[in-house]
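Read through the structure below, which is laid out as structure tokens, and then see the notes.
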Amino acid sequence: MSEKRIKFLFYKEYINKNLSKKIKPIITEKAIFTNISNNYYTFIFPIYFNKKEISKYLQRVYRIKITKLHTNIYYKKKSNKRILKKTFSGKNIKFKKAFFKVKDF
């Protein structure tokens, strides 16, 4: 096996182990209201997931049929600290929010 293939397999195992920590449903007042009225759900995914991977993951884990899927990329605010007349800026953290509609049963 080539080194690239070994790194890819290691990376894939690492992702599978840590997915449960990174993928979370969003439970807010607005999300619950859209869930009741339009049958939409919202989840937070890591930035490297694309739409096909998101739909495959949701179908595999939750066993649901997805009809529509929308994604948006969000940035958390930068954190700035000021120490002795110097400012230190923090990192920008990106995450992807997925909105999907579930097929009616």
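For the residue pairs K22/K101; K51/K76; K51/K81; K30/K86; K65/K96; K30/K94, the C-alpha atoms sit more than 30 angstrom apart in K51/K81; K30/K86.
Sequentially through segment 48-58, phi angles give Karplus couplings (6.51, -1.76, 1.60; θ = phi - 60°) of 7, 7, 9, 5, 5, 5, 5, 5, 5, 4, 5 Hz, Gly and Pro residues having no value and appearing as x. Accessible-area rank, largest first, for L58, L84: L84, L58, with all protein chains present and a 1.4 angstrom probe.
The listed residues V102, V61 rank as V61, V102 when sorted by accessible area, largest first, using a 1.4 Å probe.
The values are calculated or read from the model by the stated rules, or taken from the named source; none is laboratory data. All figures in this text were calculated on a predicted structure; none of them were measured in a lab. Ligands, DNA and RNA are stripped out before the accessible areas are found, and what is left, the full protein with its side chains, is counted by its heavy atoms. Shrake-Rupley method; radii C 1.70, N 1.55, O 1.52, S 1.80 Å.
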